[in-house]
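Remarks on the structure that follows.
Every read-out reported here was derived from the displayed coordinates using simple, explicitly stated rules and does not represent laboratory data. Here the structure is a predicted model, which is why all the values come from computation and not from measurement. For neighbour counting, all protein chains shown are included, and Cβ atoms are generated from backbone atoms with ideal geometry for every residue, glycine included.
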Amino acid sequence: MVLRARIVLRAAEGVQNQQIAEELSTEPNTCALWRRRFLAARLPGLMNDAPRAGGPLLIADSKVRAIVHDTLHTKPPNATHWSTRAMAAAHGVSASTVRRIWAARRLTPHRLEHYKLSRDKHFEEKLRDIVGLYLNPPEHALVLSVDEKTQIQALDRTQSILPLREGIPERQTHDYRRNGTTDLFAALDVAEGTVIGECHKRHRAREFLVFLRTLDRSTPPELDLHLILDNLATHKTAKVKRWVLRHPRFHFHFVPTSSSWLNQVERWFNDLTQKRIRRGTFRSEHELIEALKQYVATYNEDPRPFQWRATADQILAKVRWNRLNVELAGAPH
């Protein structure tokens, strides 16, 4: 469009097509074309190309329908899913043709996504409770998303890591030494984005009670604490229940079974894994714990809360749609 505008502006100054073409490194016929378009349609004529008929169809509609049908309802004899080359060989067309047909219908047989539907009988009730805490938190209270990231391994590579260089990524050996594990207990403040975390050797009810006492000491005593938790057995032991009865400002809210995605701290754990753990090298368990503590402290210097926007009704509509798809597929549900 910049080229077209320059052609018209130079033409308005009385310059001929040949000279305009030389100045703008284009062809005289191109200059003539866009001068005519501008005279006929003014600015809209420069903004849009003229409609084109396109080339003749080279593949029959029946062939296209057959490719789409086989993609959706069949599998190749020696693989779990169709590739463009396998489908092309099966139907006597080119791989690029199959690729265009799949792209036009948004078919991606090479991709696989995971799902699991909760069988919790009180799914809707628990869902509305958790989403309500996110979208409309209670006054004079803190909402904390709490969970444990268990069995974090202190891995050390068997040879030195080769540093990043121009044109060459950082490299490390595929094998490693295990130097111990730790469990990270974390509570994400949903409103502020800050995290309270501490490491323990195990994740029993005993360690969970220690973490609850940490939360009790680390938060303003005049505020109620609403904890969003998963259904781990250690969160529901008799000792934990007795402790909560003695500390009435604590309120537990359990997500539905198989619905850990409702717990926002899981997103924070994912960031922790990507940024600090996956490529980390730790020569001892102590070194791993110190790295986790430093990550939490640095993160809390500039916390960024996650923005929850989905309402309970929107989530329930998607869940119902997924259940319908499962039923139509004939899978157990």
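For the charge dipole of the chain, defined by +1 on Lys and Arg C-beta atoms and -1 on Asp and Glu C-beta atoms about the Cα centroid, which residue among Ala41, Leu188, Ile289 has the Cα displaced farthest towards the positive pole? Of the candidates, Ala41 comes out farthest on the positive side.
The antiparallel fraction among DSSP beta bridges confined to the range 127-314 stands at about 65%.
The H on the amide N of Arg171, modeled in the peptide plane, is under 5 Å from the matching H of Leu162, each at least 5 residues off or on a different chain. Largest GNM mean-square fluctuation across Leu112, Leu227, Leu184, computed for the chain with C-alpha springs under 10 Å, falls on Leu112. Checking every one of the trypsin sites (Lys or Arg not before Pro) in the range 1-107 against DSSP loop status and a limit of 13 other Cβ atoms within 10 Å picks out Arg52, Arg105, Arg106.
Taking a Cβ cut-off of under 11 Å around Ile161, the surrounding Lys, Arg, Asp and Glu residues balance to a net charge of +1, with basic ones at +1 and acidic ones at -1.
Summing Cβ point charges (Lys, Arg +1; Asp, Glu -1) relative to the Cα centre of the chain gives a dipole of roughly 1020 debye.
In the elastic network of the chain, a GNM with C-alpha springs shorter than 10 Å, the most mobile of Asp70, Asp129, Asp120 is Asp70. With K and R counted +1 and D and E -1, the other residues having a Cβ less than 15 Å from that of Thr281 yield a net charge of +3. Restricting the range 117-147 to GluC sites (Glu not before Pro) that sit in a DSSP loop and have at most 13 other Cβ atoms within 10 Å of their own Cβ leaves Glu139.
Straight-line cross-link reach from Lys201 at under 18 Å between alpha-carbon atoms covers these lysines, not counting any fewer than eight positions away in the same chain: Lys149, Lys293. The lysines within cross-link reach of Lys126, meaning a Cα-to-Cα straight distance under 21 Å and a gap of 8 or more places when in the same chain, are Lys116, Lys236, Lys241, Lys318. Of all complete DSSP H helices in the chain, those with a Cα span along the helix axis of 20 Å or greater and a mean Kyte-Doolittle hydropathy of -0.5 or more are 28-47, 312-329. Restricting the calculation to alpha carbons of the chain gives Rg and Dmax of 30.5, 92 angstrom. Residues considered: Trp82, Trp243, Trp34. Largest GNM mean-square fluctuation over the chain, using C-alpha springs under 10 Å, is found at Trp34.
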